[in-house]
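**Student:** Mind looking over this structure? Questions follow.
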């Protein structure tokens, strides 16, 4: 399995290593966003080991270094291109030469600008990395754009708001498509693309058909034609508004970007046949509105639900040492092997694994005195006596603290009782496999109790309403009354209508016909955890995709599709994750060669849950596939409920968008304009006296990319050595020196068309 984190790390290291100036040492120039991506995948030491003597921010004053070549690692914004040009204009020579690496593809317009600028003689090379995505786990990536939830599902307040809100959403969807394409290009995959097409509700949010955004109706009498072609383009354009789902727009945009990249790079995704062509499945949050409400009891999902973990990775806990306790800030990541081993286990199994590993650690270190830990409290006391094993102590202490806190909340908040009601609503079955007949009797005492947190009441009511496919208004009022919900809590439940659900129904209303529903295990005798019976709908989608039985009407292809299986090559049925033993998380290894597994990409627009992330790992492992999941952001139940509270207000007051989704400009921005605005970074205010080179290079690269500091790192020893080695080497600008724009499958612009290449050839700028 190819890790997304490792892939991005290698792209950055390969870019830096590819620059080998005559004097060996080089300078790295970054902007705020590229610095954040570097910090997420590389340590400062890793960068300095590549003969980088100095890391500078392009937004701050930099002392001219005309003896040294520079590696620019930047976002492809107009502002950054102008800064590069300014480094070599008006008689200024910031560096001996410039090697340009752009995180995203540089547009043709910006390429023309820099090619015709005074900086051209100093350029040594240019390459696009297609690395603009956040690899939050080895098989998970994010846009880190939680505000898109409001752009996608927030209802326009009036007809005049439809067009600007739709324009804003389409700008964000084009950017999201660019990020998804970057992931595919980085892994050298040109996948088949499928998208979720719901049948039980129209497009949502600003995409809802409206007279201000849809095409004008066809002329009178055109409806008498029977065929779609005969009705004419006017009729087809008018009717297309009924199918403009967010998933469809996103899927077609990704396809267009990959097609452009393939046209500019014919060798992209060429395969020798050893690995099957991958598939990209694009869904959105409305496909499964049950999963975000459920209490999950596997380690990662439960911890992110119950504990104050920031952005899924930062956690403050009490660390016990020999003299007392201290506050520790832990960064939870794939670098922690204990975390990667237990994050998808049920909490009970995760605790057993922690204790077993700890006791084994003591056996392996015979110098430690002790009889072993029988429970979490014993383990906590014994950890305080291990000062010589600092890293191991901190790792065990972190997970011990998280597990203890989760179990404390589990008991205090009566989650076993709440979880059982939730599972009955989510699956429509009791733990015995029967239709629940006493749901109201079980639910009302929980709603009446003042010991039940209001957020848990909201979750139970939301799940019950979905189970009933809507309830009469009087029943809904009584539920709110029993629970004593505040108006914002009621708004959270009511906002489900904006995700395509029915929450109120009359006596004559029929059940909603959904093609995608929870599918219980075929064997009712299969044993599993009673509080973990529901599996996200994404599990069924993946299993059906692997078995070549995924409904093409619910998940149509955008363009190409694989040939149907023949009798000579039957498809093996998809295996269920459910095991006859309670240890359900254990899965067999894939039977294919590790390096040639088929890849499947999943993108969940509007937020992915940690349970969906878990299922992608487990389903893929069971089927012998590499499954990667991405989303606009990772969402917890608490965040989902909070977002629903202000969905009607288009996010006003939310954590992601305190001011809500603005109406924006009167016209839709071009992709470059959107990109420039998103990554705009003001230049640092110039000081009265420019700092000397030594002072300008003194600060260290922030370990936290959100620190906001633009002061970066240098190695003073290396800088001194650099000066000694290169003092006599004044490099003369030699133009591009025969270097070319890279068109490798792992990174190049998505917009370099063949005719544009020919234009660059005629200019004599590049040699092909």
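The values are calculated or read from the model by the stated rules, or taken from the named source; none is laboratory data. Keep in mind that what you see is a predicted model, and the values were worked out from it rather than measured. All Cβ positions, glycine included, derive from the backbone under ideal geometry; neighbour counts span all protein chains shown.
**Student:** Right, residue 130: under 19 Å from the mean Cα position of the chain (by Cα), more than 20 Å from residue 640 (Cα to Cα) and at pLDDT below 95 or not?
**Tutor:** Judged against the criteria, residue 130 is a match.
**Student:** Taking residue 103, is it outside the structural domain of residue 183 (by TED's automatic domain parsing) and either farther than 16 Å from residue 125 by Cα or out of contact with any strand residue (DSSP E or B) (no Cβ under 9 Å at 6 or more places or on another chain) (or both)?
**Tutor:** No: the conditions fail for residue 103.
**Student:** Yes or no: residue 214 modelled with pLDDT under 95, touching a helix residue (DSSP H, G or I) at 6+ places or on another chain (Cβ under 7 Å), surrounded by fewer than 22 Cβ atoms within 10 Å (Cβ to Cβ) and under 25 Å from residue 257 (Cα atoms)?
**Tutor:** yes
**Student:** Here is a further query. What helices (runs of 4 or more DSSP H) completely inside the stretch 417-521 contain at least 1 residues that are within 30 Å of the chain's Cα centre (by Cα)?
**Tutor:** Where helices (runs of 4 or more DSSP H) fall fully within the stretch 417-521 and carry at least 1 residues being within 30 Å of the chain's Cα centre (by Cα), they are 454-467, 487-494.
**Student:** Then there's this: How about the stretch 1-81: which helices (runs of 4 or more DSSP H) wholly inside it have at least 2 residues that are buried (at least 23 other Cβ atoms within 10 Å of the Cβ)?
**Tutor:** Fully inside the stretch 1-81 and qualifying: 4-17, 32-41.
**Student:** Still on this structure, please answer the following. Of the conditions (1) surrounded by fewer than 19 Cβ atoms within 10 Å (Cβ to Cβ); (2) more than 30 Å from residue 276 (Cβ to Cβ); (3) at pLDDT 95 or above, residue 511 fails just one. Which one is it?
**Tutor:** (3)
**Student:** Does the stretch 319-340 hold any residues that are surrounded by fewer than 14 Cβ atoms within 10 Å (Cβ to Cβ) and not in a loop (DSSP other than H, G, I, E, B), and which are they?
**Tutor:** 325, 326, 327, 329, 331, 337
**Student:** Can you name the residue in the stretch 514-543 that is out of contact with any helix residue (DSSP H, G or I) (no Cβ under 9 Å at 6 or more places or on another chain) and farther than 24 Å from residue 204 by Cβ and, of all such residues, is surrounded by the most Cβ atoms within 10 Å (Cβ to Cβ)?
**Tutor:** Taking the candidates together, the pick is 528.
**Student:** Kindly indicate which of 483, 431, 495 is assigned by TED's automatic domain parsing to the domain that holds residue 303, at pLDDT below 95 and touching a helix residue (DSSP H, G or I) at 6+ places or on another chain (Cβ under 8 Å).
**Tutor:** Only one candidate passes the filter, namely 431.
**Student:** On to the next question. Sort out which residues of the stretch 308-317 are surrounded by fewer than 18 Cβ atoms within 10 Å (Cβ to Cβ) and farther than 19 Å from residue 612 by Cβ, and write them in order of number.
**Tutor:** 308, 310, 314, 316
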